Amino acid sequence: MRSNGCGDLRKENIDAVVQLCGWVDRRRDHGGVIFIDLRDRSGTVQITVDPDLAAEAFAIAEHLRSETVLQVHGKVRARPAESLNDKLATGAVEVLASDIVVLNKVTGTLPFPVSVHDEENTREELRLRHRYLDLRRKRMNDNLRLRALTIQVARRFLEDEGFIEVETPVLTRSTPEGARDYVLPSRVCGGDWFALPQSPQLFKQLLMVGGIERYYQVARCFRDEDLRADRQPEFTQLDMEMSFMDEEQILQLNESLICAIWKSVKGIELPRPFPRMTWHDAMERYGTDRPDTRYGMELVTVSDIVQDMGFKVFSGAVKSGGSVKVIAVPGGNDALSNVRIKPGGDVFSEAQAAGAGGLAFIRVREGGEIDTIGAIKDNLSEEQKAELLERTGATPGTLLLFGAGETAIVNKALDRVRQYLAKELNLIKPDRQNDTWNFLWVVDFPMFEFNSDEDRYEALHHPFCAPNTNDLGSDPGQWATNLPTARAQAYDLVLNGLELGGGSLRIHDSALQRQVLQTVGLPLEKAEEQFGFLINALDMGAPPHGGLAFGVDRMVMLLAGEESIRDTIAFPKTQQARCLMTDAPSSVSEKQLQELHVSSTWVDPADDED
C-alpha cells in the first residue's frame with residue numbers, strides 16, 4: 001500500500017515517485033493550493049495538492065478532516081526556500097500529490113485534537129477513555145518505542161550473558177506474604193482459587209533448582225493495592241535469577257545491564273561503579289531507603305545535643321526512645337516565611353501528612369545568632385548552640401527545621417519535607433529537562449520489621465531472602481534467636497529517589513527456610529501447606545542463587561522524563577484501578593457466577609444508605 005514512510009523522505013528522495021499512507025495531521029487551504037500534513041509512525045511530511053495538476057485529488061482534499069486515513073500517490077520535490085521547516089526531519093521536501101484515496105473517514109466528533117500538541121490542555125480522563133487516539137500523538141508514540149527499545153536492549157544483553165527467557169505461570173496459588181492478591185475462582189476445581197502472580201519469585205527459584213542457572217523474563221505481575229503515579233495493578237518486571245553468583249557479581253552484572261540500556265536509549269555513558277549505601281545510613285541521613293542524592297539537606301541527628309535541654313518537645317522525644325533530627329535549608333530564611341512553617345502553612349502540612357505534629361525551627365542570622373519562636377532559644381546554651389551550628393553546617397541565612405518524636409515518624413516527615421522543599425526551591429530541574437542520573441545501591445536491609453498491630457515480624461522484602469551469614473551464625477540452634485535482628489543479603493537500585501529494582505540472595509537451605517517462615521509467624525504446618533513444594537525442592541540439591549527484578553514501567557518513565565508510569569503503558573488503569581476505555585472491571589452474568597461456584601456480597605453504598 002505504500003512505498004515509503006512519511007517521515008523517511010529527505011533531499012535524496014527528490015524526483016522519486018512515492019505512495020504514502022497515514023493520517024491527516026492538519027489541512028491548510030491557501031487559496032488555490034491545499035497543504036496536508038500527513039502523519040504515520042515514522043513522522044510527518046507535507047503533501048501539496050494543486051488543482052491545476054490533480055483536480056480529482058484537490059476535490060477530495062477540500063473536504064478532508066483531521067485524522068482521516070489517506071493513501072497519497074505523488075512525486076517528491078524540494079520545498080521552496082521560504083517554506084522550509086527545520087522543525088521537521090522532512091522539512092526540506094514535500095510531495096506533490098497526483099492521486100488521493102480516502103481509506104477511512106472520521107464520521108464522529110473527535111473528543112480532543114490529536115494533531116495539535118496541547119496535551120496539557122486535555123484531561124487525562126479523556127486521554128484514557130480514548131487511548132487509541134492518544135497513542136497517535138508523538139509523545140505517546142515515542143514513549144512506547146522507547147519502551148520497546150529498552151526491553152530489546154535488556155534482552156540482547158542478558159542473552160549475550162547466557163540467560164534464557166522462560167515463561168512462568170500466570171495462574172498460581174495465593175500466598176500470605178506481600179501485597180493483596182488478585183484471586184480467581186476455578187470452575188473446574190469448585191471452591192478452589194487461583195491467584196495472579198505478584199512476581200515470579202517462587203517459580204524462578206525452582207528454575208534454579210532445575211539447573212537453568214541463568215533465567216530472565218519480561219514478566220506481567222499483579223497486585224491489588226492502592227495506586228499512585230508510579231504504581232499500577234498490573235505491571236511489567238524485567239525479572240532475572242542466577243545460580244552460583246555472589247552478591248557482588250550480581251550487582252556488577254546489573255550495573256552493566258543498566259549502563260547498556262542508558263547507552264543505547266539515551267546515548268549516555270554512566271559512571272561506574274554506582275555508589276553504595278547501607279539501609280541504616282540511608283535511614284539516618286535521608287529518612288528513607290530510597291534517597292534522592294541529587295541535592296543536599298540531609299537529615300542530621302541531634303538527639304544527644306538536646307536530650308537534657310528544657311524544651312520538653314525535644315528532651316521528651318529522646319527520653320521516650322525517639323529522636324530529634326534536623327534538616328538545614330540554605331537560604332531558607334528568605335525563601336520560607338514563618339507562616340509557611342506554622343500550622344496551616346504548606347511546609348507544616350507536608351510534615352503533618354507524614355504523621356508529625358509539626359516542625360520546630362531556628363533561623364540562623366548574621367554572627368551565628370539564632371532567631372526562633374517559643375522555648376527553643378531560651379533553653380539552648382551557648383555550647384549547645386555552637387555544637388548545633390557546627391553539626392548542621394548552618395551559616396547565616398540557613399533555616400533549621402526540626403522533627404522530634406518516634407524515629408520512624410521523624411524520618412518519614414523530614415523525608416517528605418526535604419523532597420517538597422527540593423522542588424519548591426528548584427534544587428532539581430523539572431524531570432523533563434533533568435539529565436542527572438544519580439544511581440545508588442542500598443544494601444544490608446534488615447531481614448524483618450516488627451508489626452506492632454499484629455504483634456509479629458514481617459519480612460522487609462520477602463521471606464525468601466537469605467540472611468547475612470555473619471549475623472546468622474553457624475549454629476542452627478541459634479537461628480531463631482539471631483534471625484530477628486539479622487541483616488538480609490538484599491539490595492535495591494535507587495535512581496533519583498525512586499526504587500528502580502531490587503533483589504537478594506535467596507535461602508537455599510530448607511531448614512533455614514522453615515525457620516524464616518516461623519519467624520514471620522507461619523507455623524510449620526501452614527508453611528508446609530503454603531510453601532511445601534519450595535521447601536521440598538530445596539532438599540533436592542538446590543544451588544546457591546539470587547536475583548533481581550527491575551520495574552520496566554518505572555524505568556521507562558524515568559528514561560522518557562515522564563511523571564507518571566501511565567504515560568509509558570499502552571493501556572493503563574486509573575488510580576481507581578479502572579480501564580476507562582473498556583469500562584473494566586464490569587459486572588458478569590449470574591450464570592457465570594454459578595459456573596464458578598461463587599456469589600457476590602457487594603452492596604452499593606448508595607443503595608445501602610437508602
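Annotations for the structure displayed:
- Residue-normalised accessible area of segment 453-610, expressed per residue, 1.4 Å probe, Å²: 49 Å²
- Between 0 and 90°, nearest 10: helix 247-266 axis offset from the chain longest Cα axis: 30 degrees
- About the Cα centre, charge dipole magnitude for segment 196-300 (Lys/Arg +1, Asp/Glu -1 at Cβ), debye: 380 debye
- Dipole-positive endmost among ALA584, LEU64, GLN217 within the chain (Cβ charges, Cα centre): LEU64
- Per atom type, segment 541-610 shows carbon and sulfur on 49% of its accessible surface, probed at 1.4 Å.
- Against the chain, whose longest principal axis is taken from its Cα atoms, helix 510-519 shows a tilt of about 80°.
- Among LEU206, LEU126, LEU88 - extreme Cα towards positive end, dipole of segment 70-227, charges at beta-carbon: LEU88
- Over the chain, relative contact order from alpha-carbon pairs under 8 Å, at least 6 apart, %: 13 percent
- Dipole of segment 218-334, positive end: most advanced residue of LEU227, ASN333, VAL313 [Cβ charges, Cα centre]: ASN333
- Placing +1 on each Lys and Arg Cβ and -1 on each Asp and Glu Cβ, with no other charges, gives the chain a dipole about its Cα centre of roughly 1660 debye.
- Dipole magnitude of segment 1-81 about its Cα centre (Cβ charges: Lys, Arg +1; Asp, Glu -1), debye to nearest 20: 260 debye
- Summed side-chain charge close to ARG28 - residues other than ARG28 whose Cβ falls under 13 Å, Lys, Arg +1, Asp, Glu -1: -3
- Taking Cα atoms only, the orientation of helix 407-424 departs from the longest principal axis of the chain by about 30 degrees.
- D by Stokes-Einstein for the chain, Kirkwood Rh over Cα pairs, 25 °C, 0.890 mPa s: 85 µm²/s.
The values are calculated or read from the model by the stated rules, or taken from the named source; none is laboratory data. Remember, predicted model here, so these are calculated numbers, not experimental data. Every residue, glycine among them, receives a Cβ derived from its backbone with ideal geometry; neighbour counts consider all protein chains shown. Heavy atoms of the whole protein, side chains included, go into the accessibility calculation; ligands, DNA and RNA do not. Shrake-Rupley method; radii C 1.70, N 1.55, O 1.52, S 1.80 Å.
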